[in-house]
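Chemist: Please see the structure below; I have some questions.
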Amino acid sequence: MFKGNKKISSLRLRATFKGDKLFDSLRLRLTLSNILIMTILLLLFIISTYFLMEHQIFNQSEQLVQNIAVAIESDSAEQLEQFNRTEYFYIKTKESGEITQTFSTNPHFGPKELKELAQGVLKRKDSKGDSDWHGLSFTFLKVPQKQQPGLLVVFVGLKREFMVLRFLLAALFMTGIICLGLAFYSSLYLAEKALIPIRKSWQRQKDFVADASHELRTPLAVIQTNLELVMGNPRETVEEQEEWLNNIQIEASHMTRLVEDLLFLARVDSAQQILEKITFSLDRAIHQVVKPLIPMANNKGIELKIEVEPGVDFYGDEKRIGQLILILVDNAIKHTPIKGEVRLVGRVIGNAVEISVSDTGEGIEQQHSDKIFERFYRIDKARAKSIEGTGLGLSIANWIVKSHKGTIKVSSIPGKETSFVVRLPKEYCSI
C-alpha cells in the first residue's frame, strides 16, 4: 500500500509539473494574442486619428488662405489685421505673368525668395494646393484679381500645422506604448483569471484519474491474490475454495459498481449525462427503490422507517431521483450500528419538496461535512477500508440534486446521528 501511494504521489507530481508548463504556455499565448489584437486596434486608431486630424488641419489652412485672399482683394487694413500672427505671403501679377507686387509677413522672406517660390506655382495649372520650397511647406491659392487683369497668389506657411501633426503623432505613439504596457499586464491578469476554472478542472481530472487508478488497484490486487490461491490448489473442489472464490466475487462486484460510477461521473463531466424528465409519483418511486433495502436493514437489526406524503407528483428524472434515494438510504444503513434506526421522510414544505434521510449512526465530524460530497473522499480509516462503498455515491447524489436545481445539506452529531436533507424547488413538482 505504501509503495502504491508513493507511486500515485510520483504520478501526481509529474502531472502537476506538466500541467504547470502547459498552463504557463497557454497563459503566454493568451497574453500575446491579446497584445497582438490590442496593437492592431491601436495602430488603426492612431492612423485613423492622424489622417483625420491632418485632413481637418489642411481644410482649415485652405479656408484660411481663402479668407486672406478675400481680405487682400477688399484692400481693408482692418480685415488683414486679424491675420497678423499668421505667416502668409502674396504676389500680384499682370495678365502676362509679370510680378507687379509682393508682400510677406516674414522679414526673412523677401521679394527674391517670393519670386522664386512663385515661379514654380505659376507654372502649375491647379488653382490651389500645396508647395514645397527649400524644405518649407506652403498652401497656396490662385485667384483672378478683381481690380485689374492678372492673378493674386496667396501663400500660407504650414510650419505650425506640421508641428501640431508631429506633436499629435508623438502623443498618439506615446499613449499607444503606455496602453500596450497596461494591456500586457491586464492581459496577464485576465489570462490568469480565465485559466482558474481550467486549472480547477485539470486538477480535478488529475485527482480523479489518480484516485480511480488507486481504487481499482485494490480490488484487482485482491482478485489476483485469491486467483493465485485458487490456482495453487488445482485439486481442491469449488466448495473447498469457496472462501477465495467469494472474495473474488465480492471484489468483482465492488469493481463493477466503481466502474459504473466512474463512467457516470465521466459523462457528467463531459456534459453527456442528460436528464430524462417526466411527471411521476414521488411516493411510489421512493417505495420501489427502498423496498429491496428493507431485508438488508433487517439483517443488520436496523429499523427502517419510511414516511412519504402520498399524492405528490414530481417532474424530473425518475431514475436519477431513485438513484439519489438509494444512495442516501444505503449509505445510512451501512453506517448505522445494530439496533439503530434509519428514517426516510418525504413531504411538501412551502415552495419545495423535502426529502430527508436520517440515521442513528456514527455521525460526521464538522470538519468533514463540507468535503463528503467530493469524489473519493473518505472520513476515516474504517470507511477507507470498507469494500461496500466506492467513495463516489454522495458526489453522484450531489450532482443529481443540483441538476434538478435543488440543494442537499448534511447535519450531524458525532456518535449519535446524521441527517441529509434534500430540497427540490416548487417548479419541479405539482400536487
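The values are calculated or read from the model by the stated rules, or taken from the named source; none is laboratory data. Worth saying up front: this structure is predicted, and the values here are computed from it rather than measured. These accessible areas exclude ligands, DNA and RNA; they are computed on the full protein's heavy atoms, side chains included. Shrake-Rupley method; radii C 1.70, N 1.55, O 1.52, S 1.80 Å.
Chemist: For segment 15-164, what is the per residue volume of the convex hull drawn over the alpha-carbon atoms, in cubic angstrom? Intermediate values should be presented prior to the final figure.
Modeler: On the way: hull volume 22.9 nm³, N = 150.
Per residue, the Cα convex hull of segment 15-164 comes to 153 Å³.
Chemist: Which whole-number percent gives the relative contact order of the chain, counting Cα pairs below 8 Å spaced six or more residues apart?
Modeler: Once normalised by length, the contact order is 12 percent.
Chemist: List, in order, the whole-Hz ³J(HN,Hα) value for each residue of segment 35-51 obtained from phi through the Karplus relation with A = 6.51, B = -1.76, C = 1.60 and θ = phi - 60°; use x for Gly and Pro.
Modeler: Here the 3J(HN,Hα) series is 5, 4, 5, 5, 4, 4, 5, 5, 4, 4, 5, 5, 5, 5, 5, 4, 5 Hz.
Chemist: When the expected Rg is taken as 2.2 N^0.38 Å, what fraction or multiple of it is the alpha-carbon Rg of the chain?
Modeler: Here the answer is 2.00, to two decimals.
Chemist: May I ask you to list the aspartates and glutamates whose Cα is less than 12 Å away from that of Lys277, ignoring any residue fewer than eight positions away on the same chain?
Modeler: Asp317, Glu318
Chemist: Which of the residue pairs Lys206/Lys405; Lys206/Lys334; Lys21/Lys405; Lys339/Lys402; Lys305/Lys409 have a Cα-Cα distance greater than 31 Å in the structure shown?
Modeler: Violating the 31 Å Cα-Cα cut-off are Lys21/Lys405; Lys339/Lys402.
Chemist: How much of Leu190 can a 1.4 Å solvent probe reach, expressed as accessible area in Å² and rounded to 10?
Modeler: Approximately 110 Å² for this residue.
Chemist: Now for a different question. With a 1.4 Å probe and all protein chains kept in place, how do Tyr185, Tyr315, Tyr90, Tyr50 rank by accessible area, largest first?
Modeler: Working: Tyr185 160, Tyr315 100, Tyr90 25, Tyr50 45 Å².
Ranking Tyr185, Tyr315, Tyr90, Tyr50 by accessible area, largest first, yields Tyr185, Tyr315, Tyr50, Tyr90.
Chemist: Go ahead and estimate [θ] at 222 nm for the chain from helices alone: -39,500 (n - 2.57) per DSSP H run with n ≥ 4, summed, over the residue count, rounded to 500.
Modeler: Computed mean residue ellipticity for the chain: -19500 deg cm²/dmol.
Chemist: Name the shape class, rounded, prolate or oblate, that the alpha-carbon gyration tensor gives for segment 197-331, where a ≥ b ≥ c are the square roots of its eigenvalues, rounded holds for a/c under 1.5, and otherwise prolate holds if a/b is larger than b/c and oblate otherwise.
Modeler: oblate
Chemist: Let me ask you something else. Taking the Cα atoms only, what angle lies between the long axis of helix 159-231 and the longest principal axis of the chain, rounded to 10 degrees?
Modeler: That helix lies at roughly 10 degrees to the long axis.
Chemist: So which of Lys92/Lys125; Lys94/Lys115; Lys319/Lys416 end up more than 25 Å apart, counting from Cα to Cα?
Modeler: Lys319/Lys416
Chemist: Running a GNM on the chain with Cα contacts under 10 Å, which residue among Leu52, Leu168, Leu136 ends up with the highest mean-square fluctuation?
Modeler: Sorting by GNM fluctuation, first place goes to Leu136.
Chemist: Lys291: accessible area at probe 1.4 Å, nearest 10 Å²?
Modeler: 150
Chemist: Continuing with the same structure: With all protein chains present, how much of the accessible area of the chain (probe radius 1.4 Å) comes from carbon and sulfur, to the nearest whole percent?
Modeler: That fraction is 58 percent.
Chemist: Roughly how much of Met53 is accessible, in Å² to the nearest 10, using a 1.4 Å probe?
Modeler: Using a 1.4 Å probe on the heavy atoms, I get roughly 80 Å².
Chemist: If you don't mind, another one. Return one whole number: the accessible area per residue of segment 124-198 in Å², for a 1.4 Å probe.
Modeler: 63
Chemist: Please determine, in degrees from 0 to 90 and to the nearest 10, the orientation of helix 242-269 with respect to the longest principal axis defined by the Cα atoms of the chain, where the helix direction is its Cα long axis.
Modeler: 20
Chemist: Going by a ≥ b ≥ c, the root eigenvalues of the Cα gyration tensor, does segment 257-376 fall in the rounded group (a/c under 1.5), the prolate group (a/b larger than b/c) or the oblate group?
Modeler: Here segment 257-376 falls in the oblate category.
Chemist: Same structure again: Of Leu245, Leu36, which has the most accessible area with a 1.4 Å probe, and how do the rest follow in descending order?
Modeler: The ranking, largest first, comes out as Leu36, Leu245.
Chemist: Got a sec? What order do Val290, Val348 fall in by accessible area at 1.4 Å, biggest, i.e. largest, first?
Modeler: From most accessible down to least: Val348, Val290.
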